[in-house]
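Chemist: Can you keep this structure in mind? I'll have questions shortly.
The values are calculated or read from the model by the stated rules, or taken from the named source; none is laboratory data. As the structure is a prediction and not an experimental result, all values here were calculated from the model. Backbone-built Cβ (ideal geometry, glycine too); neighbour counts: all protein chains shown. The area values use the complete protein model at the heavy-atom level, side chains included, leaving out ligands, DNA and RNA. Shrake-Rupley method; radii C 1.70, N 1.55, O 1.52, S 1.80 Å.
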Amino acid sequence: MEVIKIRGTEDTPNVLLDAQKGIIEFSGRSLPEDVMSFYAPVLRWIEEYIESPNSHSEVIFRLDYFNTASSKMILDILIYFEHLSKEGHEVLVKWSYQKDDEDMADAGEEYFEIVNVPYEMHSY
Amino acid sequence: MDKFDYKELVYSFHKEMLANNFTLVYEGEITHQITKAFTSLAENKMDSYSEDSTMKKKVFHVMVECLQNLSKHAEDVRILKNKGYSGNGIFIIGRVGQNNEDYHVLTGNVIENSRVPELEAFLDKINQMNKDGLKELYKKQMREGTLSDKGGAGLGLIDIARKTGEKLDYNFIKIDDERSFYTLRTKISRK
């Protein structure tokens with residue numbers, strides 16, 4: 001699968017989708033004008049990836065900010081990896097947040113109350 | 001020259017803004033570009049007096065959700081060619097509190113009367129909930145709420161209530177048999 005690298009802007013995140021390395025990474029800010037059109041290609045890539053995944057998948061979220069419309073997309077992404085993990089594949093989600101950003105830490109914890117997937121919390 | 005007395009009008013707008021401690025007042029089309037411009041204006045301003053980062057994030061968050069509500073849910077929403085959505089409304093941000101240490105965001109837009117009962121019920125439901133209730137509602141809405149093609153899912157209002165810890169202060173002013181003016185005031189307090 002081709003590596004997808006999207007450079008972030010003031011309202012869209014940096015995205016790295018690398019099947020060879022099993023790395024799926026989002027960083028920066030996410031408040032795109034049209035969440036659907038921004039995330040649709042990402043979700044399509046992930047759908048294809050979980051058909052023939054790497055032996056180890058690492059999903060990294062290192063976001064400074066995301067709006068509520070993006071929060072649903074993040075949930076959808078996590079659900080794909082919950083399925084992958086349930087099928088016995090090795091998956092690790094890393095949720096990073098700025099040291100003083102309690103809301104971002106809480107947002108991560110909330111996702112992991114909904115989605116059953118191995119995860120780690122990191123502050124930076 | 002016409003007799004239009006702009007001096008008095010401009011001066012009175014100026015005085016009103018100062019008296020109410022409004023830092024930004026805008027009436028008109030709300031687009032994504034406007035949202036980006038206003039949030040970066042507010043961020044720069046808050047940076048200029050080294051506003052606390054938690055406050056900054058909260059203000060930014062409330063501004064984004066309020067502006068997106070206006071751009072996506074206002075009555076006269078138009079779908080712009082390749083430019084997303086735009087709606088009309090009024091957007092105000094100002095300072096409040098004893099020493100002007102807090103912020104508030106005020107919005108207003110026209111909605112159809114037929115949409116009022118549902119919106120009002122939803123706002124009341126949010127206001128009756130405590131912190132844990134809101135958290136569960138947000139999770140439920142995220143799981144079950146289908147994201148409409150406009151990206152709504154009602155998450156914005158729940159999120160505003162959660163991030164600020166304040167009740168949603170709203171009103172509906174009847175314009176005529178068809179339309180009402182919906183106002184919302186969100187306070188962001190230093191806690």
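Chemist: Just checking the output field for B:51-59: average partner chain Cβ neighbours within 10 Å of each residue's Cβ?
Modeler: Mean shielding by partner chains, rounded to a whole number: 2.
Chemist: If you don't mind, there's one more thing I want to ask. Quick check: from the Cα gyration tensor, does chain B come out rounded (a/c under 1.5), prolate or oblate?
Modeler: oblate
Chemist: As a test of the formula, what do you get for chain A when each DSSP H run with n ≥ 4 contributes -39,500 (n - 2.57) and the sum is divided by the residue count, at 222 nm and rounded to the nearest 500 deg cm²/dmol?
Modeler: Calculated from helices alone, the mean residue ellipticity at 222 nm is -12500 deg cm²/dmol.
Chemist: Threshold 30 Å², probe 1.4 Å: give the residues of region A:101-115, in number order, that are less accessible with all protein chains present than with their chain alone.
Modeler: Flagged in region A:101-115: A:Asp103, A:Glu110, A:Glu113, A:Ile114.
Chemist: Now, a different point. Taking every residue in A:26-33, how many Cβ atoms of other protein chains lie within 10 Å of its Cβ, on average?
Modeler: 3
Chemist: Oh, and also: Rg/Rh for chain A: what does it come to with C-alpha atoms and Rh from Kirkwood?
Modeler: Result for chain A is an Rg/Rh of 0.93.
Chemist: Next up: Rolling a 1.4 angstrom probe over the protein heavy atoms, how many square angstrom per residue are accessible across the protein assembly as shown?
Modeler: Here the residues of the protein assembly as shown average 52 Å² of exposed surface.
Chemist: Arranged from highest to lowest average of other beta-carbon atoms within 10 Å per residue, in what order do the peptides A:78-85, A:15-22, B:4-11 appear?
Modeler: Per-residue Cβ counts within 10 Å, averaged per peptide and sorted highest first, yield A:78-85, A:15-22, B:4-11.
Chemist: Can you give the FRET efficiency to the nearest 0.05 for B:Ile175 and B:Asp52, using r as the Cβ-Cβ distance and R₀ = 45 Å?
Modeler: For B:Ile175 and B:Asp52, the calculated efficiency is 0.70.
Chemist: Interface size between chain B and chain A, please: total buried accessible area, 1.4 Å probe, rounded to the nearest 100 Å².
Modeler: 2500
Chemist: With all protein chains present, calculate the accessible area of B:His104 using a 1.4 Å probe and round the result to the nearest 10 Å².
Modeler: In the full protein context, B:His104 sits at about 10 Å².
Chemist: Straight distance only, please: which lysines reach the Cα of B:Lys139 with their own Cα at less than 17 Å, same-chain residues fewer than 8 apart left out?
Modeler: Excluding near neighbours in sequence, the set is A:Lys72, B:Lys125, B:Lys131, B:Lys163.
Chemist: Compare B:Ser50, B:Ser180, B:Ser40 in a GNM of chain B, Cα atoms joined below 10 Å, and give the one with the largest fluctuation.
Modeler: So, out of B:Ser50, B:Ser180, B:Ser40, the one fluctuating most is B:Ser50.
Chemist: Which of the aspartates and glutamates could be linked to A:Lys99 by a straight reach, that is with a Cα gap under 16 Å, when you skip same-chain ones fewer than 8 residues away?
Modeler: Cα-Cα hits under 16 Å: A:Asp64, A:Glu109, A:Glu120, B:Asp52.
Chemist: So, with a 1.4 angstrom probe, what is the percent of accessible area on chain A that is carbon and sulfur?
Modeler: 45
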